[in-house]
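Novice: Let me begin by handing over the structure; questions about it come next.
The values are calculated or read from the model by the stated rules, or taken from the named source; none is laboratory data. Treat the numbers as computed from the prediction; the structure is a model and nothing was measured. Cβ placement follows ideal geometry from the backbone for every residue including glycine, while neighbour counts extend to all protein chains displayed. Areas reflect the complete protein model, heavy atoms only, side chains present, ligands, DNA and RNA absent. Shrake-Rupley method; radii C 1.70, N 1.55, O 1.52, S 1.80 Å.
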Amino acid sequence: MPQSLSKIYIHMTFSTQGRVRSLAYPELREQLDAYIVGILRNIECPAVQVGAVIDHVHILYIQSRTKTVADVAATVKKETSKWIKDQMPKVKYPHLVKFAWQTGYAAFSV
């Protein structure tokens, strides 16, 4: 076979630090979902479904052959944390100044 093929679906989830309900606003979750889709597209791990809830995120994506699950988790958490702190209006969401994700994550093949 002259090429390598792979199509592995991964369901990943991770929580806000301390399970703080930082994502309580629906409009914030919608923007976060869209941002995660963009991050995944950029690292060649296309999103199938993304859904943030008040204290955690669920992501279903197709795993790239060249990235590890740990790489994907680290990239998504780092980029979204930075985006939330830098881009969200501090007047409307002052609680996000100290936003952080938990250290770990869960990931399961589907």
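Novice: Where does each of 84-95, 42-53 land if you order them by average Cβ count within 10 Å, highest first?
Specialist: 42-53, 84-95
Novice: Now a separate question. Equivalent-ellipsoid semi-axes (√(5λ), Cα gyration tensor) for segment 47-107, whole Å, largest first?
Specialist: They are 24, 12, 11 Å, listed largest first.
Novice: Would you grab the residues whose amide H sits under 5 Å from the one on residue 100? Only those 5+ places off in sequence or on another chain, please, with H modelled 1.01 Å from N.
Specialist: Residues meeting the amide H criterion: 17.
Novice: Which lysines have a Cα less than 20 Å from the Cα of residue 78, not counting those fewer than 8 places away in the same chain?
Specialist: Partners found: 67, 90, 98.
Novice: Between residue 56 and residues 5 or more places away or on another chain, which pairs have amide H atoms under 5 Å apart, with H built 1.01 Å from N, and which residues are they?
Specialist: For residue 56, whose amide H was placed from the backbone, the distant partners under 5 Å are 16.
Novice: Now for a separate question. Given a 1.4 angstrom probe, what's the average accessible area per residue across the chain, in square angstrom?
Specialist: With the other protein chains kept in place, the chain gives 59 Å² per residue.
Novice: Something else now. Provide, as a two-decimal number, the C-alpha radius of gyration of the chain over 2.2 N^0.38 Å, N being how many residues it has.
Specialist: Scaled against compact globular proteins, the figure is 1.10.
Novice: Run the accessible area of the chain with a 1.4 Å probe and give the carbon-and-sulfur part as a rounded percent.
Specialist: Taking all protein chains in place, the chain shows 55 percent carbon and sulfur surface.
Novice: As a test of the formula, what do you get for the chain when each DSSP H run with n ≥ 4 contributes -39,500 (n - 2.57) and the sum is divided by the residue count, at 222 nm and rounded to the nearest 500 deg cm²/dmol?
Specialist: -11000 deg cm²/dmol
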